[in-house]
Amino acid sequence: MSILYGVSPSPFVRKAMLAHAHKNIPFEIKNTIPGSEDEEFRQASPTGKVPGYKTDAGTTFADSSVIIAYLERTASENSLYPENNEDYAQALWFEEWADTELMQATGALYFQRVVGPIFFKHETDLARVDEILTTLIPKVFTLLESRLTEQAWLVGDDFSIADLAVGSCLISLLHAEYSIEQSNWPKIFSYNERLLALPIVQAQLSAEKSFFKAAIS
């Protein structure tokens with residue numbers, strides 16, 4: 001069985017875990033913090049970033065996008081990449097945007113309210129939180145709101161890598177107790193409700209809450 005190195009509440013580990021769940025691919029998660037000097041992990045991720053991955057064949061590599069692309073090549077069922085060339089390009093763009101700009105905004109709040117206090121004993125910087133809430137999140141949400149349509153998912157008719165990447169960021173906001181205001185972001189609000197209702201997301205949230213509970217106790 002393949003091994004995923006990381007911790008479930010990490011947004012990029014979350015993304016890889018959701019991909020496995022969507023495609024019904026079993027895996028083992030080996031709890032590994034970023035920067036760990038664990039030898040097996042470092043073979044998969046020389047830079048120490050999570051997630052790292054080890055395939056059934058023993059091949060190792062890292063990065064959520066690489067892991068998911070690998071899964072798609074090895075298991076075509078429940079594809080995360082649209083067949084249409086135009087949709088495919090759009091889905092990849094959303095993934096890249098979510099992994100960079102959206103992640104910077106949502107991850108900043110997630111760190112201030114959750115990750116920093118729980119794992120690093122950092123006090124929440126209220127001035128930084130105010131900046132995130134008034135500047136960073138509105139900027140990325142304005143773009144996301146403009147790109148959402150009446151369709152259930154971001155690209156085409158089916159759940160795709162675009163939704164996986166964007167959704168992984170939105171889950172961080174849920175943990176950070178950020179409420180998406182329906183009056184300001186009606187499309188994002190509805191999209192987020194659909195996302196959180198997915199069984200694979202519910203299962204992921206349960207795993208993450210269990211991890212947080214163990215970390216606090």
Exercise for the section: Please enumerate the residues belonging to segment 47-61 that are without any contact (Cβ under 8 Å) to a residue 40 or more places away in the chain and within 23 Å of Glu95 (Cβ to Cβ). Expected result: Thr47, Gly48, Lys49, Thr59, Thr60, Phe61
Practice task
Quick one: Ser172 ticks every box in (1) touching a Ser or Thr at 6+ places or on another chain (Cβ under 6 Å); (2) free of Cβ contacts under 8 Å to residues at least 12 places away in the same chain; (3) of a type in the set (Gly, Ala, Ser) except a single one, so which number is it?
Solution key: (2)
Completion exercise
In segment 60-95, anything of a type in the set (Asp, Glu), within 24 Å of Thr149 (Cβ to Cβ) and surrounded by 14 or more Cβ atoms within 10 Å (Cβ to Cβ) is listed as Asp87, Glu95
Problem - Answer residue from segment 184-208, given it is hydroxyl-bearing (Ser, Thr, Tyr) and surrounded by 15 or more Cβ atoms within 10 Å (Cβ to Cβ) and is farthest from Arg147 (Cα to Cα) among those - result: Ser190
Practice task
Count, please, the residues in segment 1-28 that happen to be assigned to a strand (DSSP E or B) and either among the hydroxyl-bearing types (Ser, Thr, Tyr) or touching a Pro at 6+ places or on another chain (Cβ under 8 Å) (or both).
Solution key: 3
Handout entry: Selected residue (criterion: surrounded by the most Cβ atoms within 10 Å (Cβ to Cβ)) from residues of segment 127-183 that are more than 20 Å from Gly107 (Cβ to Cβ) and hydrophobic (A, V, I, L, M, F, W, C)
Key = Val155
Handout entry: Close pairs (8 angstrom Cβ cut-off, 6 or more residues apart or separate chains): more than 15 Å from Phe119 (Cα to Cα) in segment 203-217, not in a helix (DSSP H, G or I) anywhere
Key = Gln204/Ser8; Ala207/Ser8
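No value in this document is a laboratory result; all are computed from the given coordinates. As the structure is a prediction and not an experimental result, all values here were calculated from the model. Virtual Cβ from ideal backbone geometry, glycine too; neighbours counted across all protein chains shown.
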